[in-house]
Amino acid sequence: MRLERPPLVPPAVGLAVAYAIGYALSRGLSAWIAPTATGPAQRIGLACAALLPALAVLLLMIVVQSTVRALTGTIDPTTGRDGRFLQVNQRVITNTVEQLTIFVPALMALASRVRPDLMHTVVAIALLFAIARVAFWIGYLLGPRLRAPGMAVTLLLNVLTIGGAAWVWLA
């Protein structure tokens, strides 16, 4: 029987810190970004542009995965020869695609109906999503428990974005 070492920081404390950091970053980004998009098409276009950093992160993950496969000769992932890095990186890519599947439509729904003076918040949310995915990626590569802050912020952003979209559509 293998005994695991208890975490240095209880998971609940780590999640609370991640949520607090995510909130602070979101507020800071919101105050820094002040785009003006008045019509629904402009707001959706700005939201699409704001998603580019998250998509660039996903592309970087894929390029890293492909490059490591080429350099190590582990071209076929079905042979069972993937090392830890390739396995973790693939899980990060898969999880990022899953999270984007939730986030993108919610962000578009939010952007299409939010007041124009609040579009800076939509942009900040999208940028924070990209930052959270990088934190998740780095954390997961360092150790499974260290992925929690990035995952917590991603989850919070998905919940808040869906909630905000529901609010502007139902209000």
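Every read-out reported here was derived from the displayed coordinates using simple, explicitly stated rules and does not represent laboratory data. Note that the structure is predicted; figures quoted are calculated from it, not measured. Note that each Cβ is placed from the backbone with ideal geometry, even for glycine, and that neighbours are counted across all protein chains shown.
Structural remarks
- For region 67-171, the average shadow cast by the Cα convex hull is 7.7 nm², which is a quarter of the hull's surface.
- Ordering R113, R81 by the number of other Cβ atoms within 10 Å of each residue's own Cβ, fewest first, gives R81, R113.
- Region 141-169 and region 31-102: distance between their alpha carbon centers, rounded to Å: 15
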